[in-house]
Amino acid sequence: MAESLVHTFLGLFEGLKSIPYGKELTVFLISLMPILELRGGLIASALLGLKIVPAFIICLIGNLLPMPFILWFITPIFNKLKKTKHLSKLVNKIEKKALSKKDKIEKAEFWGLFFFVGIPLPGTGGWTGALIASLIDMDRKKALLAITCGVLLAGLIVGSLSFGLLKGITG
């Protein structure tokens, strides 16, 4: 699923390839997005032929950039949106989905959040981890550290697969 989403976004950002650092900008934008995050950025990096070290750094920055904003501001934003007629259902749905995964984090806090973000499975990652940490009122500094370490772990796993296995398959 992630690879097909990456291909879709690579198609959307096709025009960026022709500008200086366009491939890098494409990877950065993919890494910023929920669902794809660093994992999708690394897959895109491999498909675009970027070198692993600069790609890893670009993806890491792209994935971590939104985390402080989510941790510190999502709860007040959600509280305001819940008071609106048109967005309250959407916000409640997002909260419910995120909180359905809170047991994985709440019991072990730091380590739970670290492994939740770090093990690259569908529905996990920095965005969801930050949302859950914010909703359960986890210490934000501790959460940011756990998310950062988790993103690094996910990057090592996906990077080795993308630049090893994926390169071996696609040649």
(message) Over the Cα atoms of the range 70-133, what radius of gyration and what Dmax do you get, in Å?
(response) 12.5, 38
(request) Considering the options 26, 91, 105, tell which one lies farthest towards the positive end of the dipole of the chain, charges being +1 on Lys and Arg and -1 on Asp and Glu at the Cβ, about the Cα centre. (result) 91
(message) For a quick check of your reading of the filter: which GluC sites (Glu not before Pro) in the range 92-166 sit in a DSSP loop and have no more than 14 other Cβ atoms within 10 Å?
(response) none
(message) At R0 = 22 Å, how high is the FRET efficiency between residue 69 and residue 161 if r is their beta carbon distance? Nearest 0.05 is fine.
(response) 0.15
(message) When only alpha-carbon atoms are used, what values of Rg and Dmax, in angstrom, describe the range 1-135?
(response) 16.3, 48
(request) Could you please report the charge total around residue 125, scoring K, R as +1 and D, E as -1 over all other residues with beta-carbon less than 10 angstrom from its beta-carbon? (result) 0
(request) Could you tell me what percent of the accessible area of the chain is made up of carbon and sulfur, with a 1.4 Å probe and every protein chain present? (result) 70 percent
(message) A 31 angstrom limit on the alpha carbon distance is what I want to check against. Which of 82/102; 17/97; 23/80; 51/93; 80/101; 17/102 exceed it?
(response) 17/97; 23/80; 51/93; 17/102
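With charges only on Cβ, +1 for K and R and -1 for D and E, what is the dipole size of the chain about its Cα centre, in debye, rounded to 20? Can you show the working numbers first?
Details: 20 positive and 10 negative charges, 116 e Å.
In debye, rounded to 20, the chain gives about 560.
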(request) Round to the nearest 10 and report in Å² the accessible area of residue 124, as given by a 1.4 Å probe over the protein chains' heavy atoms. (result) 20 Å²
(request) Read phi for every residue in the range 64-72 and hand back ³J(HN,Hα) as whole Hz from Karplus 6.51 cos²θ - 1.76 cosθ + 1.60, θ = phi - 60°, with x for Gly and Pro. (result) 7, 3, x, 4, x, 5, 5, 4, 8
(request) Please label the shape of the range 97-171 as rounded, prolate or oblate, based on the square roots a ≥ b ≥ c of the eigenvalues of the alpha-carbon gyration tensor (a/c under 1.5 means rounded; beyond that, a/b larger than b/c means prolate, else oblate). (result) prolate
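Which value, in Å³ per residue, describes the convex hull spanned by the Cα atoms of the range 31-91? Could the numbers behind the result be given before it?
Numbers: hull volume 4.6 nm³, N = 61.
Dividing the Cα hull volume of the range 31-91 by its residue count gives 75 Å³.
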(message) For 86, 7, give me the order by solvent-accessible area with a 1.4 Å probe, most accessible first, ignoring ligands, DNA and RNA.
(response) 86, 7
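Over the range 13-102, what is the relative contact order in whole percent, taking alpha-carbon pairs under 8 Å and six or more residues apart?
20 percent
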(request) Whole Å is fine, so just give me how far the alpha carbon centre of the range 1-72 lies from that of the range 86-136. (result) 22 Å
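Wrap a convex hull around the Cα atoms of the range 1-74, take a quarter of its surface area, and give that in square nanometres.
Working: hull surface 19.7 nm².
Averaging across all directions leaves 4.9 nm² for the Cα convex hull.
Looking at the chain, which longest stretch skips every one of the trypsin sites (Lys or Arg not before Pro) that is in a DSSP loop with at most 14 other Cβ atoms within 10 Å, leaving the sites themselves out? Before the final figure, lay out each step's value.
Numbers: sites that count: 51, 82, 83, 85, 107.
Longest gap between qualifying sites, sites excluded: 108-171.
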(request) List the relative contact order of the chain as a percent without decimals, with contacts defined as Cα pairs under 8 Å and 6+ residues apart. (result) 24 percent
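The values are calculated or read from the model by the stated rules, or taken from the named source; none is laboratory data. Since the model is a prediction, treat every value here as computed from it, not as a measurement. Methodologically, a virtual Cβ is constructed for each residue, glycine included, from the backbone with ideal geometry; neighbour enumeration extends over all protein chains shown. These accessible areas exclude ligands, DNA and RNA; they are computed on the full protein's heavy atoms, side chains included. Shrake-Rupley method; radii C 1.70, N 1.55, O 1.52, S 1.80 Å.
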